[in-house]
Amino acid sequence: MNVITRKRIVEYAARHPDAAGPLMMWYRVARKAKWRSIRDVRAAFPHADGMDVASGGVVTVFNIGGNKCRLVTAIHYNRQRVYVLLLLTHAEYSKGTWKESL
């Protein structure tokens, strides 16, 4: 998969060093993946979930580092692209307001 953009991951990891290792592990796995559906994603990341957002779309949310943070992505299986939309702490994610912005 082509992960767009690594920069967001690196910036978040700089602010949250405890998430850096797990985020880079996710990035390495995602780059090598050839996901065709959420089923393929869950083979690598069993706790990945599809979530409906305000725009009517569906995003895929990954629990990173034992739920320390959440990585919100849009996966375009047909184009083999993963768009990194948001990185949130567990507390930010739990508020649920992030769904309104997507």
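Remarks
- A single member of 54, 48, 30 is in contact with a Ser or Thr (Cβ under 9 Å, 6 or more places away or on another chain), modelled with pLDDT under 95 and of a type outside the set (D, E, K, R), and it is 54.
- Exclusive hit being in contact with a helix residue (DSSP H, G or I) (Cβ under 7 Å, 6 or more places away or on another chain) and either touching a residue at least 60 places away in the same chain (Cβ under 8 Å) or of a type in the set (Val, Ile, Thr) (or both), set 89, 97, 73, 60: 60
- Scanning segment 39-85 for residues that are closer than 18 Å to residue 101 by Cα and small (Gly, Ala, Ser) returns 50, 54, 55, 56, 57, 74.
Matching residues to (1) under 15 Å from residue 4 (Cα atoms); (2) in contact with a Ser or Thr (Cβ under 9 Å, 6 or more places away or on another chain):
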residue	(1), (2)
70	no, yes
74	yes, yes
79	yes, no
84	yes, yes
90	no, no
102	no, yes
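- In segment 7-26, residue nearest to residue 69 (Cα to Cα) [restricted to those that are touching a Lys or Arg at 6+ places or on another chain (Cβ under 9 Å) and surrounded by 14 or more Cβ atoms within 10 Å (Cβ to Cβ)]: 19
- Of all residues making up segment 63-98, the number that are modelled with pLDDT under 95, surrounded by 20 or more Cβ atoms within 10 Å (Cβ to Cβ) and either closer than 15 Å to residue 36 by Cα or small (Gly, Ala, Ser) (or both): 0
- Taken over segment 70-102, the residue count meeting the criterion of being of a type outside the set (Lys, Arg), closer than 16 Å to residue 46 by Cα and either in a loop (DSSP other than H, G, I, E, B) or in contact with a His (Cβ under 9 Å, 6 or more places away or on another chain) (or both) is 0.
- Any chance residue 41 is under 17 Å from residue 1 (Cβ atoms), assigned to a helix (DSSP H, G or I) and touching a residue at least 12 places away in the same chain (Cβ under 8 Å): yes
- Among the criteria (1) in contact with a strand residue (DSSP E or B) (Cβ under 6 Å, 6 or more places away or on another chain); (2) at pLDDT below 95, the one residue 60 does not fulfil is (2).
The values are calculated or read from the model by the stated rules, or taken from the named source; none is laboratory data. All values derive from a computational prediction rather than experimental measurement. Cβ sites come from the backbone with ideal geometry, for glycine too, and all protein chains shown count toward neighbours.
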